[in-house]
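What follows is a short report on a single structure.
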Amino acid sequence: MIFEEQDGFSRDVELGVDQTFLDFYNIITGNLSLDKTLPSSFYLSDHRFRKKKEITQPGMEEEPETESQDNTGEETSMKERKLRMDKCPLNKFIDDPHQRFLFIYDLSKGWTFYIELSKIVSRDKNSEYPRVINSEGPVPLEISKKPRPLPGIEDENDLEMDENEMAPDEQDISSDTQETYGEEDMDEFDDSSFYNDAIGGSHDLDEDKL
């Protein structure tokens, strides 16, 4: 399994042929820490990864079927019922030694994983399935449900501590200024008189130079 947006990312997963797409879904979302509340689906595909039938996760709302009559008077369904992961064993959808599927996480964003069957082996009685047997590359940051940390800050508590530490320092600076000069002393620093004195001093300095 590879991911469209990240080079060097892959996962090799072993499943029992009698297991369902829901088992496959659970091992993918568990290994990558994906948010299971976001709608996701598997798709059967051809050798070019073009979508065919969709296999949805349990709980996704299905549109009600409508029925009509054909020319023979028989009722026909206007919409095929969607396949569900928990109702679809893998072995019912494998008809190619290199069978391909698509797994699309968060259908609104369309994050796409490309899946290809590599080999079929006998089940190991001492192992539990499904299982990830090889992992390469980190979890794609674009899809991880964990927030990306800020540089130099390990978590939100550190950020709150930094803000709390800054507040007393700023208060100390303002209070020290008032204690040193007092309100009457601060009134003596008049902007206009200070500016006029500075201009007058500059003229005297120029005359001495001449």
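Taken together, the values in this text are just the output of simple stated rules run on the coordinates, not laboratory data. Note that the coordinates shown come from a computational prediction; the quantities given were computed from them, not determined experimentally. Methodologically, a virtual Cβ is constructed for each residue, glycine included, from the backbone with ideal geometry; neighbour enumeration extends over all protein chains shown.
Structural remarks
- Close amide H pairs (under 5 Å, H built 1.01 Å from N) link Trp111 with Tyr105, residues at least 5 positions away or on another chain.
- Restraint check, Lys51/Lys82; Lys52/Lys92; Lys52/Lys87; Lys53/Lys119, Cα-Cα greater than 20 Å: Lys53/Lys119
- Ranked list, fewest to most other Cβ atoms within 10 Å of each Cβ, for Ile143, Ile94, Ile133: Ile133, Ile94, Ile143
- Fewest-first sequence of Glu14, Glu5 by Cβ atoms within 10 Å of each Cβ: Glu5, Glu14
- Take 33-39, 98-104 and order them by the average number of nearby Cβ atoms within 10 Å per residue, most first; the result is 98-104, 33-39.
- Each Lys or Arg adds one and each Asp or Glu takes one away; over the other residues whose Cβ falls under 12 Å from the Cβ of Val132, this sums to -2.
- The stretch 97-110 - phi-based ³J(HN,Hα) in whole Hz, Karplus 6.51/-1.76/1.60, Gly and Pro as x: x, 10, 3, 10, 9, 10, 10, 10, 9, 6, 4, 6, 9, x
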